[in-house]
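Student: The structure is given below, and queries will be raised subsequently.
Taken together, the values in this text are just the output of simple stated rules run on the coordinates, not laboratory data. Quick caveat: nothing in here was measured; it's all calculated off a predicted structure. Every residue, glycine as well, gets a Cβ built from its backbone with ideal geometry; the counts of neighbours run over all protein chains shown.
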Amino acid sequence: MVYATGGCSSAVERLVANEKVEGSSPFTRSKELMTIKTQVKEIEENKVEIQVEIPIEQVKESIEAAYRALSKKAKIPGFRQGKVPPKVIDTQFGKGAVLEQALRDDLGKFYIQAVEETGIVPVNSPNIEIQEMAEEKPLKFTATVEVKPKVKLGNYKQLKTKKKLSKVEQKDIDAQLQMIRDKFANLEVAKNKVAQQQDYLLINFDGTINGKAFEGGSAKDYLLGLGSKTMVPGFEEQLVGSKAGEIKDIKITFPKDYPKEDLAGKIANFRVFIKEVKVKKLPELNEDFVKQLGEYKNLDELKKEIKVQLREQMDKKAEAEYKAEVLKEVSEQAKISIPKVMIDDMAKRLANEFDLSLRNQGASLEQYQKATGTSEADILKKFDKQAESTVKENLVLEAISEKENIEPTDEEVDAEVKKFAKDQDLDKVKKELEAKGLIDYLRTNLRYSKTLDWLATQAGTRDKG
């Protein structure tokens, strides 16, 4: 699975909220700095030490800026803020405070320049140690950081994966026709019928917990489809076999992970009055019914259209499955030693996606943890395997795209931006996305997608599905 592909919408929302998204670069220099000296030393697999030396001229500029910053903050009798001389600041705060201010303001900028000039790609925050810092001397520091791993690709141009061609059978068409008939079905009252699965009941019910009514526990003229699983497990099952006019007393237990915490795990008693038992009456599949569905002359024409639509759906599904298998094959061929921090970061992202899906269902990760008795560490561990495979797949696609010079065009990037712009001014939206780093994310997403499309052309096709 390509994690970046197909997830642009949620990525936009996260970036609008100023959150970091994989694929966007935090390394942006506001201005050109002086030449610095750098040397990279590999200390272990996927971990390097950058030795950095900042020239005296740049150190002086940083110290002067630090004096100005402290002058604006200093409250010293006889001097206006921002007008305090350096010598007075030295007396009041000490030279060490000035140097510390200079480091605080510019060390990150120096590190970013060192990263850009050495060409390394960090995957975590650096451990920085100051070797030497003085007013009349170059600044020397080392930064130890984990870096993106090297990828050893397999023979990705000769793949074994084969695409399975779609084949629409008569049973598929019949099933679709049945669904259409079901959509236009009418419910008819069935007198003296014993209710079974797939029947419908018109009911009144009142529920209590410990003898007290609760919110949402009662309703009148509620139409319930037996087997629809719209009610709490156990409710529908206990109404199978009932008849119109009967009163049923049933007991159910709310699931421990029920979205409403005040009901989760509680036992509820319901008194249910069966007003009517109804059955679904399907329309006859004849020429008159077909003409109600659109501009179809007869049943054969409808079947042909259904076959075309089913073929398109099956082709789309087959293509997605094929690409997933292709990506799996090239990923299994590759050899990569992935830093744990990359897997941990991806696991956190997947956990956040899981949390979002729960919230869309009216629940939350906290409720899930409480119901399942799991901790945050357990949740992250649950996504470890998926995170590792996702990171590996992304690294493989990136390596292949570089080797094969696969890159999205500016026109393709603009087309992707248009999806978010809608009726808004395209240039304005593009500038906003660039400011948030999303253009880099979209470009990465498109590169992965184009690379996977290219890989898909390297394998063959089976003749029959």
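Student: Size of the dipole of the chain about the Cα centre, Lys and Arg at +1 and Asp and Glu at -1 on the beta carbon, nothing else charged, in debye to 20?
Tutor: 900 debye
Student: Per Stokes-Einstein, at 25 °C and 0.890 mPa s, what whole-number D in µm² s⁻¹ belongs to region 299-461, with the Kirkwood radius over Cα pairs as the hydrodynamic radius?
Tutor: 127 µm²/s
Student: To continue, here is another question. Against the globular-protein guess of 2.2 N^0.38 Å, express the Cα radius of gyration of region 78-135 as a ratio, rounded to two decimals.
Tutor: Compared with the compact-globule rule of thumb, region 78-135 sits at 1.55.
Student: Moving to a separate point now. Which whole-Hz couplings ³J(HN,Hα) result when phi for each residue of region 378-388 is put into the Karplus expression 6.51 cos²θ - 1.76 cosθ + 1.60, θ = phi - 60°, listed in order with x for Gly and Pro?
Tutor: 5, 5, 5, 5, 4, 9, 4, 5, 5, 4, 5
Student: What is the helix-to-structure angle for 170-183, meaning the angle in degrees between its Cα long axis and the longest Cα principal axis of the chain, kept from 0 to 90 and rounded to the nearest 10?
Tutor: Between the helix axis and the principal axis of the chain, the angle is about 80 degrees.
Student: Could you name the lysines in cross-link range of Lys75, using Cα to Cα under 29 Å and dropping any fewer than eight places away on the same chain?
Tutor: Cα-Cα hits under 29 Å: Lys60, Lys83, Lys87, Lys95, Lys109.
Student: Sequence-distant or interchain residues sharing an amide H contact under 5 Å with Gly227, placed H: which?
Tutor: Result for Gly227 returns Gln198.
Student: Something else now. So what is the relative contact order for the chain, in percent, with contacts set as C-alpha pairs under 8 Å and at least six apart?
Tutor: For the chain, the relative contact order is 20 percent.
Student: Would you mind estimating how fast region 161-289 diffuses translationally, via Stokes-Einstein at 20 °C and 1.002 mPa s with the Kirkwood radius over Cα pairs, in µm²/s?
Tutor: Estimated via Stokes-Einstein, D reaches 124 µm²/s.
Student: If you don't mind, there's one more thing I want to ask. Per DSSP H run of at least 4 residues, take -39500 (n - 2.57); add these up for the chain, divide by its residues and hand me the 222 nm value, nearest 500 deg cm²/dmol.
Tutor: -15000 deg cm²/dmol
Student: Given the C-alpha atoms of region 121-169, compute the convex hull and give its volume per residue in Å³.
Tutor: 168 Å³
Student: Counting only Cα atoms, I'd like the Rg/Rh figure for the chain, Kirkwood definition for Rh.
Tutor: 1.12
Student: When only C-alpha pairs under 8 Å and at least 6 residues apart count, what is the relative contact order of region 299-461, in percent?
Tutor: Reported relative contact order: 26 percent.
Student: Equivalent ellipsoid semi-axes for region 215-308, as square roots of 5 times the alpha carbon gyration tensor eigenvalues: give them largest first, rounded to whole Å.
Tutor: Semi-axis lengths for region 215-308 are 41, 19, 10 Å.
Student: Report, in degrees rounded to the nearest 10, the 0 to 90 angle that the Cα long axis of helix 56-73 makes with the longest principal axis of the chain.
Tutor: 70 degrees
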